[in-house]
Structure formats: structure tokens, C-alpha cells
Amino acid sequence: MNRFTAFFIILFFSSCTGNILYKKYSQIPGGKIYLAKCGACHQIRNIEKYSFDTWKKKIQEHEKRIQLNTEEREMITLLNQKVKMN
Ligand code: HEC
């Protein structure tokens, strides 16, 4: 395998991870809000990597950067528990 082939294989798999997360979250209630609100500046984060408390803090920190209404904040916060149940 030459370097180019390896490069494209890695590229292919890394782009897939994002798609898997995207698909997963779009099927959970509230997930679409997360994808719409939280995918604008950086890649969709893997929610499961964050504890519920850390996740809440991250959202609070983000409220300096983005505006969330009460419902959006609730939905995105609770998503942390929902993804862990699936
Ligand atoms: C206005 C741009 C913007 C939007 C919209 C945005 N973020 Fe971020 N986010 C950032 C920046 C800047 C960072 C810090 C740099 C980085 O880690 O990429 C960050 C980092 C993060 C991190 C990693 C922090 C860490 O310490 O591990 C998480 C988690 C995160 N954002 C979640 C969210 C969530 C949830 C939303 C939706 C509510 C969201 N982001 C929407 C700009 C944004």
C-alpha cells in the first residue's frame, strides 16, 4: 500500500465517524436542535465523552458565544442522558 492509498483510507474512515454521529443524533428527540445549533463552528462533538456535569458546564460557557432559548438549552442538555440510554 502506498502512502496515498493509506491517506485516502484514513480520510474515508474519519469522515465516516462524523456521519455516524450525525445519523445517530438526528434520530433522537432534540438531536436535530443540537445538530443545527452546535455544528456551525466546530465538528459535532461526541456527547457521550462528556459527563452530564461537564456537558452542562460546556453549554453554559457557550452561552457567551451563542443564544439558546430555554427549550433549546433543555433539549441539548438532556441529550447527554438520552445518548447514554441508547
Ligand atoms: C459560535 C461558535 C460555536 C458554536 C455555535 C458552538 N460552539 Fe462549541 N466551541 C466553540 C469554540 C470556539 C470552542 C473551543 C475550540 C474547540 O475546542 O474547537 C468550542 C468547544 C466546544 C466543546 C469542547 C470543549 C472541551 O473543553 O472539550 C464542546 C463540548 C462544545 N464546544 C459543545 C458545543 C455545543 C453543545 C454547542 C451547541 C449548544 C456548541 N458547542 C456550539 C464555538 C462554538
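Estimated from helical segments only, the mean residue ellipticity of the chain at 222 nm is -22500 deg cm²/dmol, where each DSSP H run of four or more residues counts as -39500 (n - 2.57). Only Cα pairs under 8 Å and 6+ residues apart enter the sum, and on that basis the relative contact order of the stretch 3-85 stands at 35 percent. Near residue 20, once Lys and Arg are set to +1 and Asp and Glu to -1 for all other residues with Cβ below 15 Å from its Cβ, the sum equals +3.
No lab work stands behind these numbers, since they all come straight from the coordinates. What you are looking at is a predicted structure, and each value in this text was computed from that prediction instead of being measured. Neighbour counts run over all protein chains shown; Cβ positions are idealised from the backbone, glycine included.
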